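Presented below is the structure to which this report refers.
Read-outs: derived from the displayed coordinates by stated rules, not from any lab. Note that the structure is predicted; figures quoted are calculated from it, not measured. FYI the Cβ positions are ideal-geometry reconstructions off the backbone, even for glycines, and counts take in every protein chain you see.
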Amino acid sequence: MVRSGSAFILRRPAAIVPSKQWSKRYTATRVYQYDWAALSTVFALNAGTYVTSVHECFADILRRCSSRRKAELIKVHLIAAARPNFMKVAPLYHALKATDWAQPLLVHTGQHYDYNMSDAILKDLRVPEPDFHLGVGSGSHAEQTGGVMIAYEKVCEADRPDWIVVVGDVNSTAACALVGAKLWIPVIHLEAGLRSRDRRMPEEINRLVTDAIADVLWTPSPDADENLRAEGVDDSKIERIGNIMIDSFEMLRDIIEQANMPGELGLTPGRYALVTLHRPSNVDAPETLGPIVDALLGAADELPVVFVAHPRTIKGLETFDLKDTLTSNANVRLLEPIPYVRFMSLVTGTGVVITDSGGLQEETTYLGIPCLTLRENTERPVTVTMGTNKLVEAESLGRNLAIVLDGKWHQGERPPLWDGNTAARAVECLEKRVGSRGGRPTP
C-alpha cells in the first residue's frame, strides 16, 4: 500500500495471489477518499482474474474504514438538565453533527422530567432522543447534585468522552463539571462568567463552582469576561462566542411565526402580558408569592395576562391557596408549561413580559420587548444596561406596566454577537483546541 496525495493506492504483492488473502491483509487504516481508477487498474492487470477481488476489496475497505472513522471522531458530551439547557445545547448539537470530526452525544440528567419541560422541547428543537438518560429526577440540592455525579461518573467510566460541555447554572451543570474535572476530562462551560453576586441563589454557587474548575469558558457578553478576569481566570481560558439562546430562536423562527399561539388563545398581538415565574425566592413562600399574585391581578385590570406556570409555581399557588384567587379573574389564563415553539410564539406576540427567568431577559432584549423582572438582581446586567429589561418589585409592577402601556418604555439594543451564529463560533473554537491537543486530550 502506498499513499498518493490524499488517496491510498493498494498494490498486490506478487507473493499473494488468492483474492481473499489480499483483501483481508491490505486495508487502509484511514481513508478520506479512494483512487478508484488506480485500484481498478491494479486488479485488472491479469484480465478477468481479479474482477471479483476488486469488489471484495472495495467492500472490505469501506466496512473497515467506516468503523475506524467512527472510532476516530472526537466524542463530545452535551449535558442537558433543565428547560433552558435544551435550548442551548440544540444549536451546538446540530453544528457539531455537521462536522466530519466530532460526535456529539446528548446526556439528559433528568433534572427536569416533565414532558413539556424536556421531551417536547427536544422534539421542537429537532434533537434526537438522548444518548444517555440519567433519570435523576427531583430532590434536594444535595440529592440532585450527588445523584447526577454518581450516575454520570458511571457513564464516563464506561465510555469515556473526549470533551464535556456543560451549560447554564443548574445543579447538573456543577455536578457534571466536577465529574469531568476529577476524571481529567476537559470541561467547557457554555454561558460562563455570569454573576448576580447573590450567593443566596443556588444558581450563583453553581456558576462559581463550574467556572472555577472548567478548562474552557465560553461567555455571552463583555461583562462575563470581566467577571472571570476579576476572579483571576487566565485569558487563555476565556472565549466570548455570544448568546446561543438566540441561535435556537433563529433556527426555528419561521415555525414559531407560523404557530400563532396568540390567535389560538384569542389574544390580540401586542395587547397581552406574558408571565413566567419559577425562582424559589418568588414562589416558595406566601409572603413573596402573595404580593406577586396581587400585582398580577392588578395587571389583569389593564390587559389579558397569560401565566405559563412552572410545576414549582403551581405547587406554591395550590399550597398557599392562591390558585383559585388568581384564576377567578376572567382576564387571567393559567397554563402549564408548553413546548418551545408554542411558548416562543407567545413571547413574540406579547406586549410585555413579567418574569424571573434569565433566558427571557435575554430573548426579550433580542426581540425588543419590554421585560419586567421580579428580582433584586440579575446575572445578566447587559439586558438592563443595553436591552429592554428592568428589575422591579411586586409593589412597583403596576407603575412600570403603566409606562409600558403608555408607549414610553426605553428602547434597547442587541449586545454584540447576539446574532444567531454562536454555535458556529463554538465549533470553530473547539476545533482549534482539538487540533492544538493533537486530537484526544491526554491528562
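Return the residues of segment 229-244 that are in a helix (DSSP H, G or I) and crowded, with 22+ Cβ neighbours inside 10 Å; say none if nothing qualifies.
Within segment 229-244, Ile244 is the sole residue that qualifies.
Only one of (1) among the hydrophobic types (A, V, I, L, M, F, W, C); (2) in a helix (DSSP H, G or I); (3) more than 19 Å from Val392 (Cβ to Cβ) is not met by Ala330, so which one is it?
All conditions pass for Ala330, except number (2).
Taking Gly435 and the conditions (1) closer than 27 Å to Lys75 by Cβ; (2) touching a residue at least 24 places away in the same chain (Cβ under 8 Å), which numbered condition does it fall short on, given that it satisfies the others?
Exception for Gly435: condition (2).
Checking Lys323 against (1) surrounded by 17 or more Cβ atoms within 10 Å (Cβ to Cβ); (2) among the charged types (D, E, K, R); (3) under 30 Å from the mean Cα position of the chain (by Cα), which test does it fail?
The single condition Lys323 does not satisfy is (3).
Of a type in the set (S, T, N, Q) and under 26 Å from Ala82 (Cβ atoms), is that true of Thr325?
In short, no.
Quick one: which strands (runs of 3 or more DSSP E) lie wholly within segment 101-216 and hold at least 1 residues that are touching a Pro at 6+ places or on another chain (Cβ under 7 Å)?
Correct list: 102-108, 163-167.
Would you mind listing the helices (runs of 4 or more DSSP H) fully within segment 339-430 where at least 1 residues are under 23 Å from Ala120 (Cα atoms) and in contact (Cβ under 8 Å) with a residue 24 or more places away in the chain?
In segment 339-430, 340-349, 358-367 are the helices (runs of 4 or more DSSP H) which contain 1 or more residues that are under 23 Å from Ala120 (Cα atoms) and in contact (Cβ under 8 Å) with a residue 24 or more places away in the chain.
Output the qualifying pairs, or none if there are none: Cβ atoms under 8 angstrom, residues six or more apart or on different chains, first residue in segment 313-327 and in contact (Cβ under 8 Å) with a residue 24 or more places away in the chain, second residue of a type in the set (D, E, K, R).
Every condition considered, the pairs that remain are Gly316/Asp284; Leu317/Lys323.
Residue-wise test of (1) in contact with a strand residue (DSSP E or B) (Cβ under 7 Å, 6 or more places away or on another chain); (2) more than 22 Å from Ser236 (Cβ to Cβ); (3) buried (at least 22 other Cβ atoms within 10 Å of the Cβ).
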site: Pro128; (1), (2), (3): no, yes, no
site: Phe132; (1), (2), (3): yes, yes, no
site: Val136; (1), (2), (3): no, yes, yes
site: His141; (1), (2), (3): no, yes, no
site: Lys154; (1), (2), (3): no, yes, no
site: Gly180; (1), (2), (3): yes, no, yes
site: His189; (1), (2), (3): yes, no, yes
